[in-house]
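The values are calculated or read from the model by the stated rules, or taken from the named source; none is laboratory data. Note that the structure is predicted; figures quoted are calculated from it, not measured. For neighbour counting, all protein chains shown are included, and Cβ atoms are generated from backbone atoms with ideal geometry for every residue, glycine included.
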Ligand SMILES: CC(=O)SCCNC(=O)CCNC(=O)[C@H](O)C(C)(C)COP(=O)(O)OP(=O)(O)OC[C@H]1O[C@@H](n2cnc3c(N)ncnc32)[C@H](O)[C@@H]1OP(=O)(O)O
Ligand SMILES: N[C@@H](CCO)C(=O)O
């Protein structure tokens, strides 16, 4: 296995006990979530990156399940040591979406009330529901902020939904080949796919789990969708008008052209890995996705706090660049911090899975340009000027701190006490805080790059910097361990 791989990985499962409220008004009981993680969560739990998968993806984003696996996870080119989602620095997490069929509760799961598969009795779900399930998962893992949320296509929708639903939790977000509002054309293609499924007699009103699944309908749905994931140019490049067999037309109804055979193969293999009812539900969630509010996307995105990177693909005609530009415009109206990049590619929509060189480059630059405000600890324990050394020692002991900022009535920094100062005070039998605290404190400002803070720490052989705003108001603290993990 290559050194740049996360290696052998396993899917984990978590059950959200009890009733889970869905946006559509229904509830689901004891939702199970399939997820995988790569890399290590740091002690401050500040380096987690949530990867959201696209329509037919799953939790297996990187590595292999065994040494015999032919293919690695679907974003193995992007996740791993030294890659954009660098598992030496970040704790990367990916879960299968609600309504999916790869381990998370969906229509093929057993309804605890009936003991039978939900089928079409599964409630309609939304992007909001998928994200709320992911929120429960990160709560379970003890993660309170996400260093980044990243996703392509439907994964980009979940990323945007995260930024809107939990603005204070997401520091950075990368939205690739996606949209903030599903367009009529996207809904139309999804509807043709759904129609192919429900028109298949084997669909049987969604109740097919004891019999033959609707493979013809599902295969046709995938064939239609797959055309939208390619581009005219990539089809010319891949197949042109080349024939599958022989050198002359057969003049019959068999798959004469390579492109026909290819699509048939894509459709057929899809039926082996995806559930038809899941396809209905997940495409519906995509169709309902609309982050505008009162007819305005700027209004819908106004609470976003994350630094955003929006990426589109030049040849993507399904989620064409105008969708991405609309997201950027919506964010720019309210002066959000957003950058936009176009990936030059002829692959079409699926380029987000294929153009790993460009995607790695763009995401790496975005994630590593990290400011102190992106990673500092905001809830800082402090003491007021004039308290006793015993009181300071007690706070440090209870909060497990090595550095304790001293502030005045207005929350402005006037000094710092370290555990070393406390030991010194005990040794020298000193009882006044004023005599041991450092008044000339080295600080950082929130809009400095973390590299600058790292250099200051190293130069002065210290291990933490209070972060101050105007008039030295204390707004956070940053320590060397956290910084060194993020900058490598
Ligand atoms: C988050 C997520 O989105 S996860 C879901 C992503 N994965 C998928 O969508 C799986 C479906 N596959 C795809 O969408 C695409 O294949 C991609 C984007 C993953 C990869 O694209 P590419 O590397 O360009 O592969 P391509 O589209 O050419 O397909 C190659 C397959 O078609 C087969 N194929 C190629 N030409 C023909 C043909 N004329 N007749 C029959 N089969 C053919 C190849 O043998 C190969 O089969 P294999 O996958 O079993 O090895
Ligand atoms: N190939 C991707 C495209 C959808 O965005 C998938 O199947 O999920």
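Tabulated values for the structure
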{"quantity": "Long-range neighbours under 8 Å by Cβ, at least six apart or interchain, first residue more than 30 Å from residue 271 (Cα to Cα) within segment 42-59, second within 16 Å of ligand 2 (Cβ to nearest atom) and not in a loop (DSSP other than H, G, I, E, B)", "calculated": "49/150"}
{"quantity": "Residue list for segment 314-361, filter: surrounded by fewer than 21 Cβ atoms within 10 Å (Cβ to Cβ), away from ligand 2 (no atom under 16 Å from the Cβ), part of a helix (DSSP H, G or I) and under 18 Å from the mean Cα position of the chain (by Cα)", "calculated": "360, 361"}
{"quantity": "Matching entry among 223, 235 (being in a helix (DSSP H, G or I), within 13 Å of ligand 1 (Cβ to nearest atom), modelled with pLDDT of 95 or more and surrounded by 20 or more Cβ atoms within 10 Å (Cβ to Cβ))", "calculated": "223"}
{"quantity": "Qualifying residues in segment 70-79 (those that are out of contact with any helix residue (DSSP H, G or I) (no Cβ under 7 Å at 6 or more places or on another chain) and closer than 14 Å to residue 50 by Cα) - the one farthest from ligand 1 (Cβ to nearest atom)", "calculated": "79"}
{"quantity": "For residue 310: the one exception among (1) assigned to a loop (DSSP other than H, G, I, E, B); (2) in contact with a helix residue (DSSP H, G or I) (Cβ under 7 Å, 6 or more places away or on another chain)", "calculated": "(1)"}
{"quantity": "Residues located in segment 282-304, provided they are within 18 Å of residue 226 (Cα to Cα) and out of contact with any helix residue (DSSP H, G or I) (no Cβ under 7 Å at 6 or more places or on another chain)", "calculated": "282, 284"}
{"quantity": "From the options 100, 119, 115, residue that is within 15 Å of ligand 2 (Cβ to nearest atom), under 30 Å from residue 202 (Cα atoms) and over 12 Å from the mean Cα position of the chain (by Cα)", "calculated": "100"}
{"quantity": "In segment 117-132, the residues that are farther than 23 Å from residue 166 by Cβ and not in a helix (DSSP H, G or I)", "calculated": "117, 118, 122"}
{"quantity": "Scan of segment 43-77 for residues that are within 18 Å of the chain's Cα centre (by Cα) and over 17 Å from residue 159 (Cα atoms), ordered by number", "calculated": "45, 46, 60, 62, 63, 73, 74, 76, 77"}
{"quantity": "Filter pass, residue 156 being part of a helix (DSSP H, G or I), under 30 Å from residue 221 (Cα atoms) and either under 13 Å from the mean Cα position of the chain (by Cα) or away from ligand 1 (no atom under 16 Å from the Cβ) (or both)", "calculated": "yes"}
